[in-house]
Amino acid sequence: MKEKKEKNPIMSETKKQILINGIFAVLIILSFIGIFVAYNFLKEGMFTRIWQYLTMIILGISIAIFEIAYKKDSGILAINGIEVLLLSCYILTLEYIKIRFGIDVKIYTIIAGIIFLVYFLFKTILIYTSGRKKLLKSLSDIADIVKEDAPKKKAATKRKKGEDEKND
């Protein structure tokens, strides 16, 4: 019979952060896939109109995430808001990049999707490494043993010449 391991709150919090990061990654990658498929199947005018609405919706979602992060004072949620904001900026620049630089939307979407995927992979590795570091630090009791107390200061008192000889 396998013994149940004691759940560590640090690693469970780390796993929760990795899960949330994975959900954001999947949603953003799905949006890239949606843009790629929509560009292939929709006419130019229809794609442009949908692209404009989609930009405003994602920008609104980003602002809502920032507001929630501000209320909860959550840095992690603020980073997720920045990620959604970057997705909104990507969608906003989609048409401009196509017209100005002549880059095909499909190639631009694939490159941006790969960049976001690599970013989320590094972010997940960073979250896991940070969680393991906190776990190992919490297991060490060296900090309790070698507790640095402020040195005690001895009050300076002036002695008379006769007292020095009596104390020696």
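The values are calculated or read from the model by the stated rules, or taken from the named source; none is laboratory data. Owing to the predicted nature of the structure, the values given are computational and were not obtained by experimental measurement. Because the Cβ atoms are built from the backbone with ideal geometry, glycine has one as well, and the counts that use them run over all protein chains shown. The area values use the complete protein model at the heavy-atom level, side chains included, leaving out ligands, DNA and RNA. Shrake-Rupley method; radii C 1.70, N 1.55, O 1.52, S 1.80 Å.
Is it fair to say Leu59 is closer than 22 Å to Gly113 by Cα and without any contact (Cβ under 8 Å) to a residue 12 or more places away in the chain? So Leu59 does not fit the description; no. Could you check, for region 85-92, whether at least one of its residues is over 26 Å from Ile125 (Cβ atoms) and surrounded by 13 or more Cβ atoms within 10 Å (Cβ to Cβ)? Scanning region 85-92 turns up at least one residue that is over 26 Å from Ile125 (Cβ atoms) and surrounded by 13 or more Cβ atoms within 10 Å (Cβ to Cβ). Reported count of residues in region 116-132, each being hydrophobic (A, V, I, L, M, F, W, C) and open to solvent by less than 80 Å² (accessible area, probe 1.4 Å), is 4.
Going by the structure shown, is Ile23 over 19 Å from the mean Cα position of the chain (by Cα), without any contact (Cβ under 8 Å) to a residue 24 or more places away in the chain and either surrounded by 14 or more Cβ atoms within 10 Å (Cβ to Cβ) or more than 17 Å from Thr93 (Cα to Cα) (or both)? Criteria not met by Ile23. For the structure I just gave you, tell me whether Ile145 is at pLDDT 85 or above and either touching a Cys at 6+ places or on another chain (Cβ under 7 Å) or not small (Gly, Ala, Ser) (or both). Against the criterion (at pLDDT 85 or above and either touching a Cys at 6+ places or on another chain (Cβ under 7 Å) or not small (Gly, Ala, Ser) (or both)), Ile145 does not qualify.
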